[in-house]
Amino acid sequence: MQNQEFRGKVAIVTGAAQGIGAAIVKSLSEQGAVVAALDIQQAKLAALALEYQAAGLQVQPYAVDMRSSSQLAAVVEQIEAELGPIDYLVNAAGVLRMGSICDLSDEDWESTFAINTHGPFYLARAVAKRMIPRKRGAIVTVGSNAAEVPRLQMAAYAASKAALNHFSKCLALELAEYGIRCNIVSPGSTDTAMQRQLWQDDSDKQKVIAGSLAGYRTGIPLGRIADVDDIVAPVLFLLSAAARQITMHNLCVDGGATLGV
């Protein structure tokens, strides 16, 4: 369904070269938004942008390292100069480093937080400074249901997403007086490259749905792994005027896996 309110509006989407980020780029641009697609994977990002541009969509690639405050500040300035005032920001970039706490390296921990938590802070700060004088804008951050419950082998990821969730709510509180809304969409298991790196074969998909007593994980009550469109729809809803009275909210999209925590 076309939402005319996105037409001609400028949106930044991070993690744009694959997975949930790429799907959000596609959907927003199909709705008529001018999308600044950010990712560190330069070649993959450029190829994706060319594909979308060939289809008549307005997608501009910007290769950037989410760990770099200076790069993110500079790219926000560049986007505003080239595309216009930023109306929307979607923080979708993320990395997953698996391993027990005793086996995680300093680099595993630091890199996870640098991309999953520090980068969204740097970018949101730069964008918010532009949105505040205009007194408009919406920010949606892609979190994870792993922020809500402990997970074996996922301490760095879960902790970084928990910090990101709370930062996003603090950001929402500070920006509310300017009419800028900030919300979180927290996916559960979703069929992406990140999810598939945890699987040995397709039978593992059913194991995720069934859950694991040994791993202290419930299954998925709705009986299915999400696809990226299941995540894109709530992101676009929270960006839209249909959610104009919603801010500081964490919408968990996990088929009931965290039992509504």
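Tabulated results
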| read-out | value |
| --- | --- |
| Selection status of Leu104, more than 15 Å from the chain's Cα centre (by Cα) and under 19 Å from Tyr157 (Cβ atoms) | yes |
| Test for Leu238: is it among the aliphatic types (A, V, I, L, M) and at pLDDT 95 or above | yes |
| Failed item, numbered, when Arg151 is tested on (1) at pLDDT below 95; (2) in a strand (DSSP E or B) | (2) |
| Near pairs, Cβ below 7 angstrom, 6+ apart or cross-chain, from the stretch 236-260 (free of Cβ contacts under 8 Å to residues at least 60 places away in the same chain) to any residue that is part of a helix (DSSP H, G or I) and of a type in the set (A, V, I, L, M, F, W, C) | Phe237/Ala243 |
| Test: Leu72 is within 28 Å of Ser189 (Cα to Cα), buried (at least 18 other Cβ atoms within 10 Å of the Cβ) and in contact with a helix residue (DSSP H, G or I) (Cβ under 9 Å, 6 or more places away or on another chain) | no |
| Matching residues, the stretch 2-56, being crowded, with 22+ Cβ neighbours inside 10 Å, of a type in the set (S, T, N, Q) and within 15 Å of the chain's Cα centre (by Cα) | Thr14 |
| Gly143 being of a type outside the set (Ser, Thr, Tyr) and in contact with a Lys or Arg (Cβ under 8 Å, 6 or more places away or on another chain) | yes |
| Check on Phe113, within 20 Å of the chain's Cα centre (by Cα) and more than 19 Å from Val76 (Cβ to Cβ) | yes |
| Condition met for Lys161 (in contact with a Ser or Thr (Cβ under 9 Å, 6 or more places away or on another chain), outside any loop (DSSP other than H, G, I, E, B), at pLDDT below 95 and closer than 25 Å to Arg97 by Cβ) | no |
| Meets criteria (surrounded by 18 or more Cβ atoms within 10 Å (Cβ to Cβ), in a helix (DSSP H, G or I) and at pLDDT 95 or above) for Ala124 | yes |
| Qualifying helices (runs of 4 or more DSSP H) (wholly inside the stretch 1-115; at least 1 residues being within 24 Å of Arg136 (Cα to Cα), modelled with pLDDT under 95 and among the polar types (S, T, N, Q)) | none |
| Leu96 being under 27 Å from Asn165 (Cα atoms) and buried (at least 23 other Cβ atoms within 10 Å of the Cβ) | no |
| Within the stretch 167-195, tally of residues that are surrounded by 14 or more Cβ atoms within 10 Å (Cβ to Cβ) and either in a helix (DSSP H, G or I) or modelled with pLDDT under 95 (or both) | 14 |
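The values are calculated or read from the model by the stated rules, or taken from the named source; none is laboratory data. Keep in mind it's a predicted model, so treat the numbers as computed, not measured. All Cβ positions, even for glycine, are placed from backbone atoms using ideal geometry, and neighbour counts span all protein chains on display.
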